[in-house]
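The values are calculated or read from the model by the stated rules, or taken from the named source; none is laboratory data. Predicted, not measured: the structure shown is a model, and the values here were computed from it. Positions of Cβ are backbone-derived with ideal geometry, glycine not excepted, and every protein chain shown enters the neighbour counts. Just so you know, the surface numbers come from the protein's heavy atoms only, side chains and all, with ligands and any DNA or RNA stripped out. Shrake-Rupley method; radii C 1.70, N 1.55, O 1.52, S 1.80 Å.
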Amino acid sequence: MSDPNPAWTPVGEAAGLPAVHTFKQGRHQLCVVKTDDGVFAIDNRCPHEGYPLATGDVRGCELTCAWHNWKFDLKSGGCRLGGEGVRTYPVRERDGVLEVDLQDPDPETVIPPLLESLEEGLLKHDNPRVLRDAVRLLLAGRPAPDVLADLARFDARRAEYGTTHVLPVAADCGRVLERYPGPDALYTLAPPIDLCGENHSRRPVRPLAEPLPDGTLEVVRHAVESEDVARAEGLLRGLLERPGSWREAETWLLDATSRHFLGFGHQLIYTIKVRELLERASDSDAVARDVLPALLYSILVGTREDTLPYLTAYFDHLEQVAPRFPELWRAADTSTTYDPGVVRDAVLDGRCGEALDALEGALSEGVAPRQIASAIISAAAQRLYRFDLAHETDPDVAENWLWATHRFTFASAVRVAIERWDSPDALRFLWQAVAFVHSGQPMDAPGAREQPLPAPVPAGHVDADAILAAITTKSPERAVALVRGWLADGRPLTPLKHALEDAALADPAVRPIVVAHVIKTLWAAFDEFDALEGHPDRDWPLLAAVRFVASPVKERRVHDAAHTSIAWVAENRMPRKLTQ
Ligand code: FES
């Protein structure tokens with residue numbers, strides 16, 4: 001009778017084999033070890049740096065790698081000292097011949113321990129180990145979007161104050177997976193892996209509230225408003241027990257983020273991004289059950305910036321207009337003739353009252369919120385473009401590049417929220433965006449308003465390599481001039497988009513959080529370029545994003561923090577905040 005498993009492969013006469021034997025077959029290279037407890041076969045390549053385990057030392061059922069002392073249990077492949085485990089292979093003896101089973105194991109069996117190992121690596125911020133485990137997961141058949149979701153879930157379970165930047169970066173990186181097939185998907189997993197490890201090194205799991213039944217939008221809104229964490233989180237967890245309910249949960253989160261301008265707008269950005277992650281995941285419900293409560297938790301504990309003195313005027317105005325929101329929402333008409341420059345200019349260069357009057361005036365005239373959002377995006381892009389590079393290096397100024405990028409990525413999230421959420425309360429986001437972008441005025445470089453843009457580089461001298469070179473050499477003016485040349489020439493944008501995406505994934509900065517902002521800003525810039533089709537300010541998002549990625553960003557801030565600490569603690573002098 002033929003063997004039902006043709007993957008059983010003869011290694012050699014059992015009696016004639018040495019105690020440690022190397023065996024090669026196709027892509028397999030095994031280390032076969034005879035012990036008093038039996039014969040075992042493991043991968044010959046050490047999972048650490050790939051040196052041959054056959055050169056290691058065997059004691060009992062433990063093999064110690066000769067190179068860096070990792071110790072492996074020969075029976076299970078588990079690593080007793082070092083990092084991840086090694087793959088084992090079934091061994092049998094038939095008619096005096098040793099055979100090994102080279103069949104790839106069932107993914108259902110392999111994936112759970114690999115995920116455990118990956119999480120262990122994340123807890124140690126051991127990037128090389130996590131990256132190796134991620135490749136193993138991909139090769140074992142776990143879809144890359146699910147691995148991205150795994151990272152967001154890990155982040156959600158561990159994050160002390162709820163979801164972090166891991167979520168939006170995982171969502172953004174998922175967008176380019178099509179261009180990174182097979183194991184190359186690892187390049188898209190690497191930025192969120194790095195960020196995840198940095199954020200949650202050795203952090204315990206955050207305790208969760210018990211699920212509660214019968215949640216409604218109104219009940220949850222009340223719990224969020226009163227900062228009743230256990231009740232709000234419990235109600236959301238109760239809702240998510242029902243399959244497919246994450247779409248309803250999204251409405252709860254949009255409502256919660258509309259009530260207050262939270263933590264520099266991060267929570268709305270995350271609420272917008274999470275949908276992409278869930279839609280790509282094989283088991284959206286399972287991902288939602290981990291990620292959405294953490295997102296709500298970040299809303300519950302986030303700073304309510306709208307209650308702080310620097311933003312009070314904007315939000316007092318919102319409350320005055322809010323009773324008219326249902327009427328304004330109904331009256332909105334995309335065919336209303338509208339000069340987008342009115343809101344844009346008031347937000348960019350007007351006084352607070354002028355910006356708010358322009359917003360209220362446009363809505364009162366029946367201008368569609370989506371069109372107003374576009375005008376605010378244009379202002380946000382120009383605000384980002386105007387950022388004064390001197391702030392980045394001034395230890396007495398708190399504002400830096402990341403403060404500037406937030407305003408633009410938040411405005412982009414507001415545009416999506418307005419399109420996605422059919423509710424008069426979505427108008428609240430317009431006030432949040434005006435407040436955030438307008439209050440950033442003091443970050444503008446002196447004279448930036450009058451400063452002409454760098455002249456476009458003539459078509460024959462523009463290509464993606466030249467733009468990447470300008471970014472690498474930190475030449476913002478040249479990068480902007482080249483992109484202007486590209487756009488003026490009317491060339492298709494896709495090659496430039498791909499080149500910039502690839503560059504954003506290829507370690508454009510040292511700190512994972514800065515890489516996260518490069519990714520978020522570039523992705524939002526291309527989104528808004530698309531969304532602004534036909535708009536006179538269409539190029540601004542790209543020009544602003546390219547100026548940011550081509551500018552020097554100060555990543556080490558320990559010395560600055562020491563400077564601030566001395567001024568504060570020893571001299572009672574607080575760091576200067578230009579915008580607050
Ligand atoms: S290669 Fe085996 S421990 Fe480093």
State all residues of region 76-96 that are away from the ligand (no atom under 13 Å from the Cβ) and open to solvent by less than 40 Å² (accessible area, probe 1.4 Å); if no residue qualifies, say none. 77, 78, 89, 96
Within region 65-75, can you find the residues that are near the ligand (Cβ under 10 Å from one of its atoms) and open to solvent by less than 40 Å² (accessible area, probe 1.4 Å)? 65, 70, 72
When you scan region 94-188 for helices (runs of 4 or more DSSP H) that lie fully inside it, which ones turn up with 1 or more residues that are small (Gly, Ala, Ser) and without any contact (Cβ under 8 Å) to a residue 40 or more places away in the chain? 107-123
May I ask you to list the residues in region 41-64 that are open to solvent by less than 50 Å² (accessible area, probe 1.4 Å), part of a loop (DSSP other than H, G, I, E, B), out of contact with any helix residue (DSSP H, G or I) (no Cβ under 6 Å at 6 or more places or on another chain) and within 12 Å of the ligand (Cβ to nearest atom)? 47, 48, 50, 56
For the structure I just gave you, tell me whether residue 524 is under 29 Å from residue 352 (Cα atoms), small (Gly, Ala, Ser) and assigned to a helix (DSSP H, G or I). yes
Residue 323, sole failed condition from (1) surrounded by fewer than 17 Cβ atoms within 10 Å (Cβ to Cβ); (2) modelled with pLDDT under 95: (2)
Residue, least open to solvent (accessible area, probe 1.4 Å), within region 390-425, restricted to residues that are assigned to a loop (DSSP other than H, G, I, E, B) and touching a residue at least 24 places away in the same chain (Cβ under 8 Å): 399
In region 79-93, which residues are β-branched (Val, Ile, Thr) and in a loop (DSSP other than H, G, I, E, B)? 86
What about residue 250, is it more than 22 Å from residue 228 (Cβ to Cβ) and within 20 Å of the chain's Cα centre (by Cα)? no
Of the conditions (1) exposed (fewer than 15 other Cβ atoms within 10 Å of the Cβ); (2) in contact (Cβ under 8 Å) with a residue 12 or more places away in the chain, the single one that residue 340 does not satisfy is (1)
Quick check: is even one residue across region 16-39 away from the ligand (no atom under 15 Å from the Cβ), over 27 Å from residue 106 (Cβ atoms) and in contact with a Pro (Cβ under 9 Å, 6 or more places away or on another chain)? yes
Selection over region 209-243 where residues are open to solvent by 80 Å² or more (accessible area, probe 1.4 Å) and either in a loop (DSSP other than H, G, I, E, B) or within 11 Å of residue 289 (Cβ to Cβ) (or both) yields a count of 7
Could you list all residues from region 505-559 that are within 18 Å of residue 470 (Cβ to Cβ) and surrounded by fewer than 15 Cβ atoms within 10 Å (Cβ to Cβ)? 506, 507, 552
Number of positions in region 62-89 that are within 20 Å of residue 139 (Cα to Cα) and in contact (Cβ under 8 Å) with a residue 24 or more places away in the chain: 8
Cβ-Cβ under 7 Å pairs, at least 6 apart or on other chains, region 261-274 side at negative phi, far side small (Gly, Ala, Ser) and open to solvent by 10 Å² or more (accessible area, probe 1.4 Å): 262/302; 267/302
Where in region 426-504 are there helices (runs of 4 or more DSSP H), lying fully within it, with 1 or more residues that are over 21 Å from residue 408 (Cα atoms) and open to solvent by 20 Å² or more (accessible area, probe 1.4 Å)? 464-472, 476-488
Output the number of residues of region 153-186 satisfying the condition of being surrounded by fewer than 24 Cβ atoms within 10 Å (Cβ to Cβ) and hydroxyl-bearing (Ser, Thr, Tyr). 2
Say whether the condition of being away from the ligand (no atom under 16 Å from the Cβ), farther than 24 Å from residue 13 by Cβ and touching a helix residue (DSSP H, G or I) at 6+ places or on another chain (Cβ under 7 Å) is met by at least one residue in region 97-105. no
Set 407, 415, 428, 449: member being within 22 Å of the chain's Cα centre (by Cα) and either of a type in the set (Val, Ile, Thr) or more than 17 Å from residue 545 (Cα to Cα) (or both): 415
